[in-house]
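The values are calculated or read from the model by the stated rules, or taken from the named source; none is laboratory data. Quick caveat, the model's predicted, so the values are computed rather than measured. Heads up, the Cβs are rebuilt from the backbone with ideal geometry, glycines too, and the neighbour counts pull from every protein chain shown. When the accessible area is computed, the model is the full protein with side chains, heavy atoms only, and any ligands, DNA or RNA have been set aside. Shrake-Rupley method; radii C 1.70, N 1.55, O 1.52, S 1.80 Å.
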Amino acid sequence: MGQEIERKFLVNSDEFKQLAKGIHYRQGYMSRTEKGVVRVRIAGDKGFLTIKGKKSGISRLEYEYEIPVEDAAEMLDRLCMKPDIEKYRYHIDFEGFTWEVDEFLGANAGLVVAEIELPEEDTPFTKPDWIGAEVSHDARYFNSNLIKHPYSEW
C-alpha cells in the first residue's frame, strides 16, 4: 500500500530558484471523485500515472507508476479534463528533507507552493526562510482543484 503524508506551504520569495533548476511538468486528471483522483503527468521526459485516495488530515493513499511518455501525452491530449496544469517543479534538499516547489503557469501563474513529504504526520522539520503560510488543509491549493478553479479566478 502506498501512503503519502504531505504538508503544503505558500512560498514568500523566489530565493528557491537559486537552489535548483526547474523541470517542466504537464499534468491532467482523468477522474476526480469523492474517493480520489487519477492523474496523468509528464515530468521532463518521463510519463506517470498516479492514483490518489481521499485525504485524511495530511495523509492519503497514493500509487504511482511510470508509463511511456508517448502514452502520457496521448492520455493528456485525449482523455484528461481540461485545462492541463502546467508548472515548473524545483527539488530542493534542506536539512534532511526534499522540498518540492511548484511555480505554476497559465491560468495559475503567480501561484508558488512548496510541499514536503514526511514519514509520519508528526515528524518535526525545519522550514527554509522562503517558506510562508501553511495551506495543507485548504482545498483551493490541490492541483486537482486548480483545473476547475484556477488561481487567476480567485
Worksheet item: Considering only the other residues whose Cβ falls under 9 Å of the Cβ of Glu117, what net charge follows from Lys and Arg at +1 and Asp and Glu at -1?
Response: -3
Worksheet item: Which shape class applies to region 1-71: rounded if a/c is under 1.5, otherwise prolate when a/b exceeds b/c and oblate if not, where a ≥ b ≥ c are the square roots of the Cα gyration tensor eigenvalues?
Response: oblate
Discussion item. Over region 49-106, with the other protein chains present, what is the accessible area per residue in square angstrom, probe 1.4 angstrom?
Written reply: 55
Worksheet item: In whole Hz, what ³J(HN,Hα) sequence does region 28-35 give by Karplus (6.51, -1.76, 1.60; θ = phi - 60°), x for Gly and Pro?
Response: x, 10, 7, 8, 9, 10, 4, 7
Practice prompt. Quick one: order Trp130, Trp154 from most to least accessible surface, probe 1.4 Å.
Written response: Trp154, Trp130
Worksheet item: Across region 125-138, in residue order, what do the Karplus-derived ³J(HN,Hα) couplings come to in whole Hz, using 6.51 cos²θ - 1.76 cosθ + 1.60 with θ = phi - 60° and x for Gly and Pro?
Response: 8, 9, 8, x, 4, 7, 8, x, 5, 7, 10, 4, 9, 9
Fill in: FRET efficiency estimate (nearest 0.05) - Cβ-Cβ, Glu70 to Asn145, R0 35 angstrom
0.80
Discussion item. Once neighbouring chains are kept in place and the probe is 1.4 Å, which whole percent of the accessible area of region 4-154 is contributed by carbon and sulfur?
Written reply: 49
Worksheet item: So if we plug the beta-carbon distance of Lys82 and Lys127 into 1/(1 + (r/R0)^6) with R0 = 35 Å, what FRET efficiency do we get, rounded to 0.05?
Response: 0.50
Practice prompt. Starting from the Cα of Thr33, step 7 Å along the direction of its Cβ; do the same at Lys46; then give the gap between the two resulting points in nm.
Written response: 2.9
Discussion item. Just to be sure I follow: if Rg is taken over the C-alpha atoms of region 45-154 and Rh is the Kirkwood radius over the same atoms, what is Rg/Rh?
Written reply: 0.96
Worksheet entry | region 6-42 residues near the modelled Phe97 label - backbone nitrogen below 12 Å, point 7 Å along Cα→Cβ | 6-9
